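For reference, the structure discussed in these notes is given below.
The values are calculated or read from the model by the stated rules, or taken from the named source; none is laboratory data. All figures in this text were calculated on a predicted structure; none of them were measured in a lab. For neighbour counting, all protein chains shown are included, and Cβ atoms are generated from backbone atoms with ideal geometry for every residue, glycine included. Ligands, DNA and RNA are stripped out before the accessible areas are found, and what is left, the full protein with its side chains, is counted by its heavy atoms. Shrake-Rupley method; radii C 1.70, N 1.55, O 1.52, S 1.80 Å.
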Amino acid sequence: PCQPTDHGDVTGLAIRAWGPVFASLEGVLGREMFRRLHGESWEAFQREAVRGVLADPGMSVWVAEDGAAVAGFVAAQVDAERLIGEIVMVAVDPGWQGQGVGGELTEFATGWLREQGMRVVMVETGGDPGHAAARHVYERAGYQLLPVARYFKHL
């Protein structure tokens, strides 16, 4: 389980891990739409999102460690009424990417959600090139893709 002493490491690795993802999103959406969605600093936006997950009492968060170093993390939550579990965030430090850590974290959270009595588990990720590695992890773990179209418009 993630401990309060891990929070700084988790937040830092999330920013390092998701840098290419946010660059991809900016390329797909364009600078103005990206800025409207994520503010002037995607890093600040994402730090707050991670901090929110870490502070949420309804969220369960685990870390993958190599000795004292945090290599990745996963956060999951349950909807006990609908029996649907959700993997909310997964991130792997760039130095550990491509070594199966994301798959292990995904499988761990999936197993935990199964133990909680969930009948369905979902995870959401982007369809842009920056999320290709995440889609690969989820497909290898046996998740079924439901294509979704999400449109944005400047106002």
Selection from region 33-60 of residues outside any loop (DSSP other than H, G, I, E, B), touching a helix residue (DSSP H, G or I) at 6+ places or on another chain (Cβ under 6 Å) and within 19 Å of TRP112 (Cβ to Cβ) yields LEU54
Per the filter on region 110-124, residues loosely packed, with under 11 Cβ neighbours inside 10 Å and in a helix (DSSP H, G or I) are GLU115
The correct count of residues that are over 23 Å from GLY27 (Cα atoms), part of a helix (DSSP H, G or I) and open to solvent by 70 Å² or more (accessible area, probe 1.4 Å) in region 130-150 is 2
The lone condition LEU13 fails out of (1) farther than 25 Å from GLY85 by Cα; (2) in contact with a Pro (Cβ under 9 Å, 6 or more places away or on another chain) is (1)
Of the residues in region 36-91, those that are of a type in the set (S, T, N, Q) and touching a residue at least 12 places away in the same chain (Cβ under 8 Å) come to GLN46, SER60, GLN77
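Report, by residue number, each residue of region 1-24 that is hydrophobic (A, V, I, L, M, F, W, C) and either outside any helix (DSSP H, G or I) or touching a strand residue (DSSP E or B) at 6+ places or on another chain (Cβ under 7 Å) (or both).
CYS2, VAL10, LEU13, ALA14, ALA17, TRP18, listed by residue number.
With respect to PHE73, determine if the residue is in a strand (DSSP E or B), crowded, with 17+ Cβ neighbours inside 10 Å, under 16 Å from the mean Cα position of the chain (by Cα) and not basic (Lys, Arg).
yes
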Exactly one of ARG82, ARG35 is exposed (fewer than 14 other Cβ atoms within 10 Å of the Cβ) and farther than 23 Å from GLU104 by Cα, and that residue is ARG82
Of (1) in contact with a Leu (Cβ under 9 Å, 6 or more places away or on another chain); (2) under 22 Å from HIS38 (Cβ atoms); (3) open to solvent by 40 Å² or more (accessible area, probe 1.4 Å), GLY127 fails just (1)
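Residues VAL28, VAL63: which one is surrounded by 13 or more Cβ atoms within 10 Å (Cβ to Cβ) and more than 28 Å from LEU113 (Cβ to Cβ)?
Values: VAL63 fails: more than 28 Å from LEU113 (Cβ to Cβ).
Selected residue: VAL28, the only one of VAL28, VAL63 that is surrounded by 13 or more Cβ atoms within 10 Å (Cβ to Cβ) and more than 28 Å from LEU113 (Cβ to Cβ).
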